[in-house]
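As structure tokens, the structure follows; a few thoughts come after it.
Bear in mind these aren't lab numbers, they're just calculated from the coordinates by the rules spelled out. What you are looking at is a predicted structure, and each value in this text was computed from that prediction instead of being measured. Positions of Cβ are backbone-derived with ideal geometry, glycine not excepted, and every protein chain shown enters the neighbour counts.
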Amino acid sequence: MPIETMSTEIARSRYNRIAPVYDLMEGIIEIAGYSKWRELLWSRVEGTCILEIGIGTGKNFPYYPAHAEVTAIDFSEKMLERAKDRAERQKIKVQLQWMDVQHLEFKNDTFDTVVASFVFCSVPDPIRGLKEVERVCKPKGKVVLLEHVLSANRILAWLMNVANPMVVRIMGANINRRTVENVATSGLMIEQVTDLGAGIFKLLEARKKLLSP
Ligand SMILES: C[S@@+](CC[C@H](N)C(=O)[O-])C[C@H]1O[C@@H](n2cnc3c(N)ncnc32)[C@H](O)[C@@H]1O
């Protein structure tokens, strides 16, 4: 996998560093809400040929549709190792690949649905990554994302912007991304944005246009 920019290399090494403790770090919020949001995310997936971006340690495995053929990528080899172990333990059929979403090695128009949870907050060039998602999705195919975004509340947004550099260093994720706007910029057609909490957690449903931009 070509690592082309310094920012990608830094982001990748942060996730390699936190991979051993990722499940522990996210444990409480997982119980508090993430697991039911994951269920909702996967209930919106269409078709059988699915690509999961940024699989992490494989927390979405329990929600994979029974008859789906899932390919999953991540640019952190340490995250992928944990996903591989979990897939073996839970007997999950998934094709794991080490890949950067900013440079997907799939042909145009390949997948029925592309799905990701909490990923575009950390992709160094999110619009480039989303354009790649658009490219590999089939025409009229679906893109479903679970993301946290910058609050529309001015005070909260200010606080999120101030805290962001520290959060990125510790967790690898930006808490001030405008992912809804980024999805629209990528050329995908937004169908629905569901607020899941505090105006920050969103379920985004988008579709590839019949004719790409
Ligand atoms: C916050 S974790 C979320 C993991 C998982 N999706 C979940 O819901 O638990 C973000 C994941 O995205 C991956 N990631 C970030 N940028 C990426 C990129 N450019 N290409 C591929 N994976 C990326 C990270 O390595 C990490 O595993």
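Measuring how big the chain is from its alpha-carbon positions, Rg and Dmax come out at 16.1, 46 Å. Here 211, 146 are placed in order of increasing Cβ neighbour count within 10 Å, fewest first, which gives 211, 146.
The aspartates and glutamates whose alpha-carbon is closer than 13 Å to the alpha-carbon of residue 140, local same-chain residues fewer than 8 away aside, are 46, 109, 112, 191, 205. A cut-off under 11 angstrom between Cβ atoms defines the neighbours of residue 34, and their net charge, with Lys, Arg +1 and Asp, Glu -1, is 0. Suppose we keep just the DSSP beta bridges with both residues in the chain; what percent of those would be antiparallel, to 5? Roughly 40 percent of the beta bridges in the chain run antiparallel, per DSSP. Look at 111, 120, 201 and count the other Cβ atoms within 10 Å of each Cβ; fewest to most, that gives 201, 111, 120. By other beta-carbon atoms within 10 Å, ranking 137, 49 with the fewest at the front produces 49, 137.
Each residue of segment 94-104 is assigned a 3J(HN,Hα), and the resulting list reads 8, 9, 9, 9, 7, 7, 9, 5, 6, 9, 6 Hz, derived from the Karplus form 6.51 cos²θ - 1.76 cosθ + 1.60 (θ = phi - 60°), x at Gly and Pro.
Remark: relative contact order (segment 92-213) = 28 percent; criterion is Cα-Cα distance under 8 angstrom and separation of 6 or more residues. Across segment 1-124, Cα pairs under 8 Å and at least six residues apart give a relative contact order of 31 percent.
Run a plain Debye calculation on segment 1-112 (Cα atoms as equal point scatterers, no solvent) and give log10 I(q)/I(0) at q = 0.11 Å⁻¹, rounded to two decimals, same order as the q list. Results for segment 1-112 at q = 0.11 Å⁻¹ read -0.37. Can you flag which of 59/107; 131/209; 84/107; 59/208; 36/202 are past 19 Å Cα-Cα? Pairs exceeding the cut-off: 59/107; 84/107; 59/208. Relative contact order, whole percent, for the chain stands at 19, derived from Cα pairs under 8 Å and 6 or more residues apart.
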